[in-house]
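The values are calculated or read from the model by the stated rules, or taken from the named source; none is laboratory data. What you see is a predicted model, and the numbers here were worked out from it, not measured in a lab. A quick note on method: Cβ atoms are made from the backbone with ideal geometry, for glycine too, and the neighbour counts reach across all protein chains shown. Each accessible area value is taken on the protein alone, full model and side chains, heavy atoms only, with ligands, DNA and RNA left out. Shrake-Rupley method; radii C 1.70, N 1.55, O 1.52, S 1.80 Å.
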Amino acid sequence: MAGFSAPTSLGFGQVKSPVMYRVDYRDGAWQQGRALPYQNIEIDPAAKVLHYAQEVFEGLKAYKIDNPRANFFRPLDNHDRLNFSARRMCMPEIPADLFMEGISVVTALSEPLIPTQAGQSLYLRPFMIGLTGALGMGPSSEYAFIVIASPSEAYHAGEMKVLIEREGCRAAVGGTGAAKTGGNYAAATESAQRTQAMGYHQSLWLDPRNMKDIEELSGMNVFALIDGELHTPRLTPSFLKGITRDSVIQLARHKGYEVVERTMPIEELLADIKSGSCVEAFACGTAAIVSPISDIAEADGTAYELSQSDVVAAELRRGLLDIQERRTEDPFGWTSEVEDQFYQLALAG
Ligand SMILES: *Cc1c(COP(=O)(O)O)cnc(C)c1O
């Protein structure tokens, strides 16, 4: 880490922390984990991850705003979800202590680089890949679990214009949509490019069976304020169960909002925007926190403008950040400091 200083403009996920963590799985067991200087990894060109996309990942942040010690937000929920994704992709589960060791060691060693202004954080990217070098179908027998990190700004999309995706699907019925796995992003990239070429920020995905009900954006969940209540799509097997989504639901209820999880037909939402029942909509995810949506549009240019922007979204963003950055009481027990033992580990390798 000597000689490394972060540039003044961080962006999101662009600057990488000079440390990483790696633990390998072989002979049916997880081996000893190690902190390492950030470095290339060498893998067999026939490794399963390269050909059959046997990969799962997570995204979470360590915050260090006006506190001597960095803290996490709901890290064990990320651990649970990583294992859920791993089961779906026929990969071994990782024990909670190894997951916590990985994110804690990387955070402790990156501590001098963690930016300290509200909205900034150390974005952590734990991931697991299948390494067995054999071109036959089937799961790997060797894996690596790796954690890398990036000192980041808040991912500020500002107001987002979203385009309803009526043709493509990011995840199929019976597919891997509820797992956090690279293949879902591969499937979404073409739509994202088209959407951006048309001047919009994100594609709004519909259910893959009927192409009728709202599911999510490519990396964020969605909410709409309808007649004073917050509505969000009920979870299905084809989209991702966001931890921010769950936090927004709990926080909004705590603040006295009625929150409804239900099937949300896109036509109904568009009618509600037109009639004025729906005045506000927003997206949420670890990277974006809570970001207002200004327009929902069709590919033919028909736009449905939300009349209110960033009122309830701003209230929930502030409330969530106040907990994440430890400015306020945390009635949910969501935050935890990095433990002492991880500060005592020196760089190996
Ligand atoms: C990670 C992710 C989200 C957001 O999940 P959080 O736990 O809130 O960060 C939403 N959708 C997709 C497809 C994702 O990969």
If amide hydrogens are placed 1.01 Å from N in the peptide plane, which non-local residues have theirs closer than 5 Å to the one on residue 55?
182
Length gained, residue 173-residue 27, 0.36 nm per residue minus C-alpha separation, equals 49.2 nm
Using θ = phi - 60° and Karplus 6.51 cos²θ - 1.76 cosθ + 1.60, couplings along region 323-340 (whole Hz; Gly, Pro as x)
6, 4, 8, 6, 8, 9, 3, 10, x, 9, x, 8, 9, 8, 7, 5, 6, 3
Taking R0 as 25 Å and r as the Cβ-Cβ distance between residue 298 and residue 12, the FRET efficiency 1/(1 + (r/R0)^6), rounded to the nearest 0.05, comes to 0.30
Region 303-327 versus region 186-254: alpha-carbon centroid distance in Å
16
With runs of 4+ DSSP H residues as the only contributors, calculate the mean residue ellipticity of the chain at 222 nm using -39,500 (n - 2.57) per run, divided by the residue total and rounded to the nearest 500.
-7500 deg cm²/dmol
Paired Rg and Dmax values of region 160-309, which use every Cα atom, in angstrom:
14.3, 40
Long-range amide H partners of residue 206, meaning residues 5 or more apart or on another chain whose placed amide H is closer than 5 Å, are 165, 215
Extreme residue, positive dipole direction of region 160-309, given options 187, 296, 162 (C-beta unit charges)
187
Of the options 324, 306, 95, report the single residue whose Cα projects farthest towards the positive end of the charge dipole of the chain (beta-carbon charges: Lys, Arg +1; Asp, Glu -1).
95
Just to be sure I understand: with springs between alpha-carbon atoms less than 10 Å apart, which residue in 255, 161, 64 has the highest mean-square fluctuation in the Gaussian network model of the chain?
255
Probe 1.4 Å, heavy atoms of protein chains only: per residue, the accessible area of region 87-241 in Å² is 39
What are the ³J(HN,Hα) couplings of region 109-125, residue after residue, when phi is run through the Karplus curve with 6.51, -1.76, 1.60 and θ = phi - 60°? Round to Hz, x for glycine and proline.
6, 8, 3, x, 9, 6, x, 10, 8, 3, x, 8, 5, 9, 7, 9, 10
Using Cα springs under 10 Å in a Gaussian network model of the chain, which residue among 137, 100, 220 shows the largest mean-square fluctuation?
137
May I have the pair-distance distribution P(r) for region 246-349, computed from all Cα-Cα distances with 5 Å bins from 0 and rounded to whole percent?
2, 10, 16, 18, 16, 11, 8, 7, 4, 3, 3, 2, 0
Tell me, what % of the accessible area of the chain is carbon and sulfur with a 1.4 angstrom probe?
49
